[in-house]
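Heads up, the thing below is written out as structure tokens.
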Amino acid sequence: MSTYDNRVYLDHSATTPVDPRVLKAMLPYWSEVFGNTESSHYFGQEAAGALERARQTAADVLGCRLSEIVFTGSGTEADNLSLRGAAWAARSAGRGKHIITTPVEHHAVGRTTDQLRDRFGFSLTRVPVDRHGLVDPQVISEAIGTETILVSVVMGNNEIGTVQPMVQIGRICRERGVLFHTDAVQVPGKFPLKVDEMNVDMMALSAHKFYGPKGSGLLYVRRDKRLEPVMTGGEHERGHRPGTVNVAGAVGLATALRLAEDERREEYLRLHSLRDTLIEGILELVPDSRLTGHPKLRLPHHASFAFLGVEGESIVQGLDLEGIAASSGAACLEGEAESSFVLKAIGLPAEWGMGSVRLTLGRSNTEGDVARTLDVLPSIVARLRART
Ligand SMILES: Cc1ncc(COP(=O)(O)O)c(C=O)c1O
């Protein structure tokens, strides 16, 4: 059983604790090596050296060049800088104004593309997904027209865990001369992230999802792709992200990314097996329960469910009282539980969609944690159902 005062943490898609090895790597960069990377003196150059070593580590993991890495303040920021930057650059160059995305994106992409449509005159196509939340690359291909400049597809869905056919989508975009962006925030440590093999042009990551610090993100931008700066200021991060660089954050992200990649194969198998035990157990022990997202093409640590006729948030509260931390995908509007936009997009009926619960495993979890969850969840759901 994991420690955490005997509590079980099953919300690793929300955030993860900083790995002690990452913390150790970051520590010198708060008060010992504290210079501003833009300063030409010793202190500045010492910090700049650490930043470039972190960049090299990240570039090695992603299989890209140093100059293609931009350190940002979060995954959200990386999505914003790339989508807006690419759209604005296309507009300035007099290219097309059409963007293609999906209805199951994180708000960092969904609301950014909404704003590009509503405030900046871009046209937006949200290609449909199937009942598992999967995008058909052929449908993307058919949606691409002469005006299309950009396609954005989330690689691993945060809510339902579905993993998209990135290589095929990327290949289509490459052949048609359209930029391909992915939000891969949920993916490090789960699947390889070699940008050339994935055919991506821009990719967003966030350190706190893979045992790195919060407030530290990464944007990969392919070398020949121009982004218009979204924030204006100094020349930090080659002008893509002005503002004094968070060196400790960048070192933490790079160290965490390296560790996540080095331990990925072993951890994939371990989490996959725990996840399948959890999924099979819940579907067997809780009547009127369904898995949401794809049964096979999903993140190895991710189990998400819908329970008929109960509110997901009430289940989450019941689990919390039992010392188990989970999350519910449902949006709560004025006290009324409602299906999230993702569950609506996969066509889940509302009476199921309001009862969504996400359990996401991580390094701290053991078979004992899964057994404890399977022990308490069926009676929590039964009790809630008896009340209604
Ligand atoms: C798929 C996805 N994209 C983007 C984000 C935002 O990342 P950050 O918290 O670093 O802004 C998240 C966080 O939940 C996410 O799951």
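Summary table below
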quantity: Residue check for Val251: among the hydrophobic types (A, V, I, L, M, F, W, C) and more than 22 Å from the chain's Cα centre (by Cα); calculated: no
quantity: Residue among Thr255, Thr277 that alone is assigned by TED's automatic domain parsing to the domain that holds Asn199, away from the ligand (no atom under 15 Å from the Cβ) and over 20 Å from Gln164 (Cβ atoms); calculated: Thr255
quantity: Among (1) within 16 Å of the ligand (Cβ to nearest atom); (2) more than 21 Å from Gly110 (Cβ to Cβ), the one test that Arg222 misses; calculated: (1)
quantity: Residue match in region 115-125 (condition: within 16 Å of the ligand (Cβ to nearest atom) and surrounded by 20 or more Cβ atoms within 10 Å (Cβ to Cβ)); calculated: no
quantity: Boolean, Ser67 is surrounded by 23 or more Cβ atoms within 10 Å (Cβ to Cβ) and not hydrophobic (A, V, I, L, M, F, W, C); calculated: no
quantity: Considering residues of region 78-102 that are within 16 Å of the ligand (Cβ to nearest atom) and of a type outside the set (Asp, Glu) only, the residue farthest from Arg238 (Cα to Cα); calculated: Thr102
quantity: Filter result for Val33 (of a type in the set (Val, Ile, Thr) and either crowded, with 22+ Cβ neighbours inside 10 Å or in contact with a Leu (Cβ under 7 Å, 6 or more places away or on another chain) (or both)); calculated: no
quantity: Gly73, sole failed condition from (1) within 16 Å of the ligand (Cβ to nearest atom); (2) within 25 Å of Pro165 (Cβ to Cβ); (3) not aromatic (Phe, Trp, Tyr); calculated: (2)
quantity: Residue list for region 8-34, filter: among the aliphatic types (A, V, I, L, M) and part of a helix (DSSP H, G or I); calculated: Val22, Leu23, Ala25, Met26
quantity: Counted residues, region 10-28 - those being within 15 Å of Gly215 (Cα to Cα) and more than 16 Å from the ligand (Cβ to nearest atom); calculated: 2
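Conditions tested, residue by residue: (1) out of contact with any Gly (no Cβ under 6 Å at 6 or more places or on another chain); (2) of a type in the set (S, T, N, Q); (3) under 30 Å from Val139 (Cα atoms).
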{"residue": "Asp19", "(1), (2), (3)": "yes, no, no"}
{"residue": "Tyr29", "(1), (2), (3)": "yes, no, no"}
{"residue": "Glu38", "(1), (2), (3)": "yes, no, no"}
{"residue": "Phe43", "(1), (2), (3)": "no, no, no"}
{"residue": "Asp79", "(1), (2), (3)": "yes, no, yes"}
{"residue": "Arg111", "(1), (2), (3)": "yes, no, yes"}
{"residue": "Arg117", "(1), (2), (3)": "yes, no, yes"}
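Quick grid of which residues meet (1) out of contact with any helix residue (DSSP H, G or I) (no Cβ under 9 Å at 6 or more places or on another chain); (2) modelled with pLDDT of 95 or more; (3) in a strand (DSSP E or B):
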| residue | (1), (2), (3) |
| --- | --- |
| Arg223 | no, no, no |
| Arg226 | no, no, no |
| Glu266 | yes, yes, no |
| His272 | yes, yes, no |
| Pro287 | no, yes, no |
| Lys296 | yes, yes, no |
| Ala306 | no, yes, yes |
| Val316 | yes, yes, no |
| Leu319 | no, yes, no |
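The values are calculated or read from the model by the stated rules, or taken from the named source; none is laboratory data. The structure presented is a predicted model; accordingly, all values stated were derived computationally and were not measured. As a convention, Cβ positions derive from the backbone with ideal geometry for all residues, glycine included, and neighbour counts pool all protein chains shown.
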